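Here is the structure we will look at.
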Amino acid sequence: PLPALAVVGRPNVGKSTLVNRIIGRREAVVQDKPGVTRDRVTYEAEWAGRRFKVVDTGGWEQDVLGLDASVAAQAEFAIEAADAVVFVVDATVGATDTDEAVVRLLRRAGKPVVLAANKVDGMSGESDAAALWSLGLGEPFPISALHGRGTGDLLDEILKAL
Ligand code: GDP
Ligand code: MG
């Protein structure tokens, strides 16, 4: 079986946009309102000649469980099934309490994690990305999932973790 990469993070940080970048297609559902991805969706991807699975997560039962519990529950399932995890944070917002809760889950799971500091569309966002060292997950990779900036370096790092 192919190694599996889980993409986790709060609603609206750009997980599905990143998944589209990684798979090179416009398939994962991206929308301006949070919580659009139903359940977990798996795609196949290839980078530098290596094939792997990408699992997008997002959006169920937010109003039933509450945001934190919902994000955490989905992340937990996805992490369990994954060989490595990309944790996506919106660098323009910075780390929230929900992000911190996911970090605790990631620590407990002990899987390799690559931290993607998304929405760094230009040079001015680099310092926002650097602020995410505070999460204690190592180097934040500044990316723009929307424009593709930095995603090659991120994928190189992901391959090391898979
Ligand atoms: P998800 O809920 O985490 O899957 O987030 P989506 O991929 O659906 O994206 C949520 C919103 O953020 C959409 O309007 C995207 O176009 C936008 N977005 C995603 N990545 C970027 C980025 O790198 N830069 C900017 N400016 N917007 C982004
Ligand atoms: Mg999504």
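Of all the listed residues (SER134, SER144, SER127), the sole one being surrounded by 13 or more Cβ atoms within 10 Å (Cβ to Cβ) and either within 10 Å of ligand 1 (Cβ to nearest atom) or assigned to a helix (DSSP H, G or I) (or both) is SER144. When the criteria are applied in full, GLY24 fails the requirement of being at pLDDT 65 or above, within 8 Å of ligand 2 (Cβ to nearest atom) and touching an Asp or Glu at 6+ places or on another chain (Cβ under 9 Å).
Per-residue answers, yes or no, for (1) among the β-branched types (Val, Ile, Thr); (2) in a loop (DSSP other than H, G, I, E, B); (3) exposed (fewer than 15 other Cβ atoms within 10 Å of the Cβ):
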site	(1), (2), (3)
THR98	yes, no, no
VAL102	yes, no, no
LEU106	no, no, no
VAL114	yes, no, no
ALA117	no, no, no
ARG149	no, yes, no
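Whenever a residue of region 9-21 is farther than 15 Å from ALA72 by Cα, its partners that are part of a helix (DSSP H, G or I), lying with C-beta atoms within less than 8 angstrom and at least six residues away or across chains, give the pairs LEU18/THR151; ARG21/THR151.
Applying the set (1) away from ligand 2 (no atom under 16 Å from the Cβ); (2) closer than 20 Å to ALA4 by Cα; (3) within 13 Å of the chain's Cα centre (by Cα) to ALA91 leaves exactly one unmet item: (2).
Within region 83-114, being among the small types (Gly, Ala, Ser) and modelled with pLDDT under 95 holds for ALA101, ALA109, GLY110.
The values are calculated or read from the model by the stated rules, or taken from the named source; none is laboratory data. Computed from a predicted structure; not experimentally measured. Please note: Cβ atoms are built from the backbone with ideal geometry, for glycine as well, and neighbour counts cover all protein chains shown.
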